[in-house]
Every structure is written in C-alpha cells, then in structure tokens.
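The values are calculated or read from the model by the stated rules, or taken from the named source; none is laboratory data. Note that the structure is predicted; figures quoted are calculated from it, not measured. Reconstructed Cβ throughout: ideal geometry from the backbone, glycine too, with neighbour counts over all protein chains shown. Only protein heavy atoms, including side chains, enter the accessible area calculation; ligands, DNA and RNA are left aside. Shrake-Rupley method; radii C 1.70, N 1.55, O 1.52, S 1.80 Å.
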Amino acid sequence: MPSTPDPQPVVVIGDLIVDELVEETAAGRRSVAYPGGAGCNVAIDLVTLGTPAILLAEVGDDPAGHELRRIIRDRGVDLRPLGEPRPTGRATSSRVAGEPTYTFTGSVRDRRFTVSPEIAAGLGRGRLLAVTTFPFGDAGQVGGLLALIADGGHRLMVDPNPRPQLLGDPAAFRAGFLRMAAEARIVKLSEQDHSVLD
C-alpha cells in the first residue's frame, strides 16, 4: 500500500501575544494569562489536526516573549520571529455589563509583519499562507505581503479578524483588506467582521 506523503506546512502570519483574562469574582479580582493571538491559535489548531504549521509573528525578547516561544514550540509549531524584538504584545479582556472589553498594548496596536528576504527564502515556494489579524490599514505592509506571495508563488487565505480598537483608519483598513482579498483563494468573513468593515 503506497504511503501518503506528509502534508506541506501551512504558513500562518498573525499575532503571537499574551492574552489576559480579568474577572471580578466574589473573592476579588482574578487575572489569568495564556498564549494567544489569532496567529497563535490557528497555528496550534493546524498542528493539533495533523498539519504542520510555520508561524511568522512578532514576539518580544523579554520574559513573556521567551515563555511564548517555549510554549508554541512545545506545541509543535515552527516559530519564525519577525523583525526587531519589541515588548511582547498583550491583550487584556475584562467584562463590562457582561460583555467582553479588550485593551491592547502598543506593540499590538502597531503590528509589524515585515518578512525578511532570509525568512522568505526559507519558506520555499507554493505554500499556503493563512493571514489573520494583519494591519490591512498599512498600505506598505499590504504591498510587501502581496509581493512575497507573488515572488514565492504562494496561495493566500485571508481572515481579517478586525478588532475595532485596532482598525486605526477604518477606510484604509477596508481598502487594504479588499486589495488582499482580491488575490486570495479563500476569504473567511463572519457576520461580525462584515459589520465592523461595512
């Protein structure tokens, strides 16, 4: 019986941050932190389902960043950090009137997904790129990613996963997303995403 070839890794471009959940309980305020970010979640889910994943993400050279690196590599994800390390991003979720409210640190609000020529060359050719929580409002980063895809013959899947606090200029975000979606094989857009981008 012929063996099935190993699946090619999916390249995920997205956030790798600390997610902090803050809850008010009868005993007082409780905070729990864990690895998070849409890029982190997608990469771990792919590996869990048996598909290798390469995660391209910013991660700090600080205690939180070192812990994130350890955890994600322990989960079997091939992490390839992008750019010069900045403080590790953090998203804090608390509940206001029963609804989750998010706050983000500066490095999350100012996300940078610039892929160096060395990292681009290490991806090989013809990969599936899953892009989520990307700063679509930054025309330079959108153009850089589209050039990477064209140069490498990659296939693109896009999930805008917009967060109102991270949109900056909504019109620019929408334009960048539509520009990238026009080149994508798959676009994931929920009703909530549509309402934010509409």
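Residues that are of a type in the set (Asp, Glu) and farther than 30 Å from Leu21 by Cβ: which strands (runs of 3 or more DSSP E) entirely in the stretch 96-198 hold 3 or more of them?
On the way: elements: 99-104, 128-132, 155-159.
Once the strands (runs of 3 or more DSSP E) in the stretch 96-198 are filtered for at least 3 residues that are of a type in the set (Asp, Glu) and farther than 30 Å from Leu21 by Cβ, nothing remains.
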Query raised in the report: List pairs: first in the stretch 132-151 and surrounded by fewer than 18 Cβ atoms within 10 Å (Cβ to Cβ), second modelled with pLDDT under 95 and hydroxyl-bearing (Ser, Thr, Tyr), Cβ under 8 Å, 6+ apart or cross-chain?
Result: Gly144/Thr114
Query raised in the report: Can you tell me which of Arg112, Arg69 is open to solvent by less than 70 Å² (accessible area, probe 1.4 Å), closer than 16 Å to Gly39 by Cβ, of a type outside the set (Gly, Ala, Ser) and under 16 Å from the mean Cα position of the chain (by Cα)?
Result: Arg69
Report summary line: Note on the stretch 85-109: residues open to solvent by 60 Å² or more (accessible area, probe 1.4 Å), closer than 15 Å to Gly14 by Cα and touching a residue at least 60 places away in the same chain (Cβ under 8 Å) are Arg90
**Report entry** Residues (within 13 Å of Phe134 (Cβ to Cβ), surrounded by fewer than 18 Cβ atoms within 10 Å (Cβ to Cβ) and in contact with a strand residue (DSSP E or B) (Cβ under 8 Å, 6 or more places away or on another chain)) located in the stretch 158-182
**Finding:** Arg163, Ala181
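Give me the residue from the stretch 7-27 that is in a loop (DSSP other than H, G, I, E, B) and hydrophobic (A, V, I, L, M, F, W, C) and, out of that set, least open to solvent (accessible area, probe 1.4 Å). It would help to see each step written out before you state the result.
As a first pass, look at the stretch 7-27 and keep what is in a loop (DSSP other than H, G, I, E, B): 7-9, 14-16, 26-27.
Pick out the ones that are also hydrophobic (A, V, I, L, M, F, W, C) and you get 16, 26-27.
On the way: Leu16: 5, Ala26: 119, Ala27: 105 Å².
Per the criteria, the residue is Leu16.
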**Report entry** Selected residue [out of contact with any strand residue (DSSP E or B) (no Cβ under 8 Å at 6 or more places or on another chain) and not in a loop (DSSP other than H, G, I, E, B)] from Arg70, Arg30, Arg80
**Finding:** Arg70
Query raised in the report: Is there a residue in the stretch 16-34 that is within 13 Å of the chain's Cα centre (by Cα) and under 20 Å from Ile149 (Cβ atoms)?
Result: no
Query raised in the report: Of the residues that sit in the stretch 28-50 and are touching a helix residue (DSSP H, G or I) at 6+ places or on another chain (Cβ under 9 Å) and modelled with pLDDT of 95 or more, which one is most open to solvent (accessible area, probe 1.4 Å)?
Result: Ile44
Requested in this report: Could you tell me whether Gly60 is more than 18 Å from Ala43 (Cα to Cα), in a loop (DSSP other than H, G, I, E, B), touching a His at 6+ places or on another chain (Cβ under 9 Å) and not hydrophobic (A, V, I, L, M, F, W, C)?
Outcome: yes
Report summary line: Reported set for the stretch 51-66 where residues are open to solvent by less than 30 Å² (accessible area, probe 1.4 Å) and not aliphatic (A, V, I, L, M) is Gly60, Gly65
